[in-house]
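Q: Sending over a structure as structure tokens; questions will come in a sec.
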Amino acid sequence: MDLQTHSGGTVSVSERVFGAEFNEGLVHQIVTAYLAGGRAGTAAQKTRSEVRGGGAKPWRQKGTGRARAGTSRSPIWTGGGVTFAAKTRDYTQKVNKKMYRGALRSILSKAAADGKLVIVDSMTLAEPRTRLMRERLAELGVNRVLIVVDEVDENLWLGSRNLENVHLLDVDGVDPVSLVRQPTIVVTTAAIKRLEERLS
């Protein structure tokens, strides 16, 4: 299949990568798994059995007029344990490579079908200036954007890093969350070919 480039030409792309049917369930599953994998899972608290102390019964069972107590480390006591203590855990979810690549193909195909995929011949800056990057994006008519290039050069990185709504990635760094987070995806023709190789 052929896709229109911003300069008016066309680029031939794989129907399998950029013409796939959108699978919302798969995309949701992969995005959720990707975000879950980024969680630290390091929260940790102690239960009543893990808190230091509390071995002796604070007072005798009967005759004091106070409520019975077997330990001073009960969750309702100061210095006691936590009732439902958080524990370190691994939030990662198993994702097959085939499913992951399928989700990326689905997202890219949806972007292409909706006209949110902007293909450019190249994406370079003469100098590492934010102003030049703004001007380049204005030429393309985009604001909030993910830029995918074959290889990130220093001028492009320095020119885009201060722009809050601009996210720059090379092909190897493309992930499902980055693709769905921005409303527009700008891809160079060289990056298109690399994406095809990665997702075919």
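Rule-based calculations on the coordinates, nothing more; no lab input. Not measured: the values here are computed from a predicted model. Quick reminder, even Gly has a Cβ in these numbers, built from the backbone with ideal geometry, and neighbours come from all protein chains shown.
Q: Antiparallel DSSP bridges in the chain: what percent, to the nearest 5?
A: Roughly 20 percent of the beta bridges in the chain run antiparallel, per DSSP.
Q: Where does segment 44-87 land on the Kirkwood hydrodynamic radius, alpha-carbon pairs, in angstrom?
A: The answer is 11.1 Å.
Q: Points 7 angstrom from Cα along the Cβ direction at Glu50 and Asp2: gap in nanometres?
A: Between Glu50 and Asp2, the simple spin-label model gives 6.4 nm.
Q: Could you run the Karplus curve 6.51 cos²θ - 1.76 cosθ + 1.60 with θ = phi - 60° over segment 33-45 and give me ³J(HN,Hα) per residue in whole Hz, x for Gly and Pro?
A: 5, 5, 5, 5, x, x, 6, 6, x, 9, 5, 8, 9
Q: Taking H as built 1.01 Å from N, whose amide H comes closer than 5 Å to the amide H of Val118, not counting residues under 5 places away?
A: When sequence neighbours closer than 5 places are left aside, the close amide H contacts are Ile185, Val186, Val187.
Q: Modelled label-to-label distance, Glu154 and Thr64, 7 Å Cα→beta-carbon offset: nm?
A: For Glu154 paired with Thr64, the spin-label model returns 7.2 nm.
Q: Compute the label zone of Thr130 within segment 161-185: residues whose backbone N is under 16 Å from the point 7 Å along Cα-to-Cβ.
A: Under 16 Å, as judged by backbone N against the label point of Thr130, lie 161-168 of segment 161-185.
Q: From the backbone phi of segment 189-200, what are the Karplus-calculated ³J(HN,Hα) couplings (6.51 cos²θ - 1.76 cosθ + 1.60, θ = phi - 60°) in whole Hz, Gly and Pro given as x?
A: The phi angles translate into 4, 5, 5, 4, 5, 5, 4, 4, 5, 6, 9, 6 Hz.
Q: Once R0 is set to 35 Å, what does the formula 1/(1 + (r/R0)^6) return for the Cβ-Cβ distance between Ser200 and Val82, expressed as a FRET efficiency to the nearest 0.05?
A: Efficiency computed from Cβ-Cβ geometry: 0.10.
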